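The values are calculated or read from the model by the stated rules, or taken from the named source; none is laboratory data. Everything numeric in this text was worked out from a predicted model, so none of it was measured. Cβ: placed from backbone, ideal geometry, glycine included. Neighbour counts: every protein chain shown. Heads up: the accessible areas ignore ligands, DNA and RNA and are worked out on the full protein's heavy atoms, side chains in. Shrake-Rupley method; radii C 1.70, N 1.55, O 1.52, S 1.80 Å.
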Protein chains: 2
Amino acid sequence: MQSFTELQEQFEQFFAQHHFPAEPSTLYEPCSYLLHMGGKRVRPVLCLMSQELFAPLNDDSWNTATAIELFHNFTLMHDDIMDAAPMRRGKETVHVKYDTSTAILSGDVMNIFAYVHLNKINRSYIHDVISLFNKTAIQICEGQQLDMDYEKRTSVTLEEYMHMITLKTSVLLGASVKLGAMLGGATEGCSDVLYSFGKCLGLAFQLRDDYLDLYGESSKTGKQLGGDVMSNKKTFLMAKAFELCDDAGRKELLDLLDRNDPEKVQEMKELLSRWQIQEHLLESIRHFSDQAFYFLEKAPVLSKRKMALQELATQLLNREH
Amino acid sequence: MQSFTELQEQFEQFFAQHHFPAEPSTLYEPCSYLLHMGGKRVRPVLCLMSQELFAPLNDDSWNTATAIELFHNFTLMHDDIMDAAPMRRGKETVHVKYDTSTAILSGDVMNIFAYVHLNKINRSYIHDVISLFNKTAIQICEGQQLDMDYEKRTSVTLEEYMHMITLKTSVLLGASVKLGAMLGGATEGCSDVLYSFGKCLGLAFQLRDDYLDLYGESSKTGKQLGGDVMSNKKTFLMAKAFELCDDAGRKELLDLLDRNDPEKVQEMKELLSRWQIQEHLLESIRHFSDQAFYFLEKAPVLSKRKMALQELATQLLNREH
């Protein structure tokens, strides 16, 4: 059993191999550019760690981990176009550095390369692996669509918001863990429990993001506090506020959403504080963390083997950036 | 053995099934909108016809044909964004009717659904089928990239142009035929020969397109003659002209490319006529048609069984629209 950091390093080395042909460089350079921006590689490493719960690491899980990371980067490339995001990890996004057509097509080809890696795995697993991969990929597209749909609305319910982040973010963490378990030879029951672990982890992870935007430390997150508030992003905080506020509070909230001055963030913080929204968010993060650990605990694997995943989950859920 | 028209009708019925979930409708409606624009369904029907050379139609080839048509429509949706095309088959393109983000994401999900259908086929074929499918999909992305790269240049060589249309257009026809053959149980040698048939057919088909733009009949093509000339599109005619003209001719060509007046098309026609470019194009179409028929002839299948494909090829190569 290796730790997250150990496997992260190994994956980074493996992943740094050349994925793409040299030509046409106008197509493949933007792919490499995005992949070399780095990132925590949480999803592929979750897949590897989960496989290692059951058996020594095998080629199938390396290929699947690679497919997961390629797919994830493909969605980032396209999401950045849709969100008109100028920067990612301190660098220009692909559609800004190159152009939109390039970002569309390079994303497309990166998605196909994910399937190239999936198609390398052992034939007895291939159907089930591609089946879960496809299902997850479709859910992620649906989640991104809901996110865009919600952007056009004034408010979303908490139920809608949780549904959206489940699709957009957490199913991929669930699938990463489950795919690893499947490739390690876990029973269906066991890999389903681990899917639930990953999914709850993903939800807690996303809610932690919502929390850090307003209550984090700018010096640690590297982002200006209240970015979500300034751009009227739908987050747990907004959805919960709309749910709990009375008519006067909701009116105040709507007025705040219409504003764009520097005081907006502070006043939003005060409004949320009056309705104890921060506490509700913390409570919700705790709930999904507890659930995640409950499912991990439940998985019929020696406790000792689960320590690395437990450690990673603790780390992810307490992160300050 | 059924004719193209018979299989086309059957495929149309099969394909009209609901491909997508109802929700989010903002994601899936644009997919259905594009699919319902119709089209000749040449690629999936080629797959079915090729499978029928060897055995009665089976579910695997229906699923593969569906995947091919979904994939093809995904590329159309994204190509239309990149080409800023306002219309397709007389209707607004997806990014115009909806918006660019929608066209990106709906295209993405349609591509995934292609893999959903591929993943339904018999496990003993799945690796080889997905392998050829992936390879072809990658080539098509590369071809589209080259097309965009060439747009920014004044001229391309004939070799570059032929390479580009091989990737962008003809490999999918080759793969459609080969996938059908594989699923019919053809030997590798036989399915390779049929791949060559499809690829040459695709090249002749694309060159016929180049021909019809300038020498077709507007009443039959439904397009204004000389559309490619007006938009300075790189076609066989342009590449060959740059190859054959002397310095003075090339200068004249460059001057023409700089113009935008209504006389441009007529003057281009005259210039091309002076250098017999039309004849070279017809000769090239003939060459690839002959090659296509040669490969079809060579396939070790009873001649009688090949008649439907022969008929289709003749029809495609003599089309006037």
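Indicate the gyration tensor shape class of the stretch B:74-175 (rounded, prolate or oblate), computed on the Cα atoms with a ≥ b ≥ c the square roots of the eigenvalues: a/c under 1.5 is rounded; otherwise a/b larger than b/c is prolate and the rest oblate.
Values: a/c = 2.72, a/b = 1.19, b/c = 2.29.
Judged from the Cα gyration tensor, the stretch B:74-175 comes out oblate (a/c at least 1.5, b/c at or above a/b).
The relative contact order of the stretch A:4-317, computed from alpha carbon pairs under 8 Å that lie at least 6 residues apart in sequence, is 19 percent. The value of relative contact order for the stretch B:7-128, using C-alpha pairs under 8 Å at least six residues apart, is 29 percent. Copy-to-copy label distances for B:P262, where each label lies 7 Å from Cα along Cα-to-Cβ, are 6.1 nm in order of increasing length. Here is how far apart the B:P56 label points are across copies: 5.0 nm, shortest first, using a point 7 Å from Cα toward Cβ.
Sorted from shortest to longest, the distances between the B:T154 label points of this copy and the other copies are 5.9 nm, with each point 7 Å from Cα along the line through the beta carbon.
Compute the convex hull volume of the Cα atoms of the stretch A:4-317, divide it by the residue count, and report the result per residue in Å³ as a whole number.
Working: hull volume 41.0 nm³, N = 314.
Measuring per residue, one finds 131 Å³ for the Cα hull of the stretch A:4-317.
Within the listed set B:E243, B:E23, B:E160, the residue fluctuating most in the Gaussian network model of chain B (springs between alpha-carbon atoms under 10 angstrom) is B:E23.
Of the trypsin sites (Lys or Arg not before Pro) found in the stretch A:154-247, those in coil by DSSP whose Cβ has at most 14 other Cβ atoms within 10 Å are A:K223.
What does the convex hull of the alpha-carbon atoms of the stretch A:211-300 project to on average, in nm²? Before the final figure, lay out each step's value.
Details: hull surface 27.9 nm².
Hull-based average projected area comes out at 7.0 nm².
Within the stretch B:55-93, the residues that become at least 50 Å² less accessible when every protein chain is included than when their own chain is isolated (1.4 Å probe; DNA, RNA and ligands ignored) are B:M82. Among B:M82, B:M238, B:M182, the largest mean-square fluctuation in a Gaussian network model of chain B, built with springs joining Cα atoms closer than 10 Å, belongs to B:M82.
Could you list the trypsin sites (Lys or Arg not before Pro) in the stretch A:19-116 that lie in coil according to DSSP, counting only those with at most 12 other Cβ atoms within 10 Å of their Cβ?
Working: sites: A:K40, A:R41, A:R88, A:R89, A:K91, A:K97; in loops: A:K40, A:R41, A:R89.
Passing both the DSSP loop test and the Cβ count: A:K40, A:R89.
Considering the dipole of the stretch A:4-317 built from charges on the beta carbon (Lys and Arg +1, Asp and Glu -1) around the Cα centre, which of A:Q144, A:Q17, A:T235 is farthest to its positive end? Of the listed residues, the answer is A:Q17.
Kirkwood hydrodynamic radius of the stretch A:132-182 from all distinct Cα pairs, in Å?
Numbers: mean 1/r = 0.0878 Å⁻¹.
Across the stretch A:132-182, the inverse of the average 1/r is 11.4 Å.
Averaged over the residues of peptide B:126-137, the number of Cβ atoms from other protein chains lying within 10 Å of each residue's Cβ is 4.
Note on the protein assembly as shown: Kirkwood radius taken over Cα pairs, Stokes-Einstein applied at 37 °C and 0.692 mPa s, translational D equal to 122 µm² s⁻¹.
Length gain on complete extension for the stretch B:R286 to B:A22, per 0.36 nm per residue less the alpha carbon to alpha carbon distance?
Here the segment from B:R286 to B:A22 would lengthen by 90.3 nm.
Do the sum for chain A: with -39,500 (n - 2.57) for every DSSP H run of n ≥ 4, divided by all residues, what is the mean residue ellipticity at 222 nm, to the nearest 500 deg cm²/dmol? Walk me through the numbers before you get to the answer.
Working: 17 runs with 232 residues, N = 321.
For chain A, the value works out to -23000 deg cm²/dmol.
Using 1/(1 + (r/R0)^6) with R0 = 25 angstrom and r between the beta carbons of B:E297 and B:K223, what's the FRET efficiency to the nearest 0.05? Write out the running numbers ahead of the final one.
Working: r = 34 Å, r/R0 = 1.35.
Calculated value: 0.15.
Dipole size of the protein assembly as shown about its Cα centre, with +1 on Lys/Arg Cβ and -1 on Asp/Glu Cβ: approximately 1160 debye, rounded to the nearest 20.
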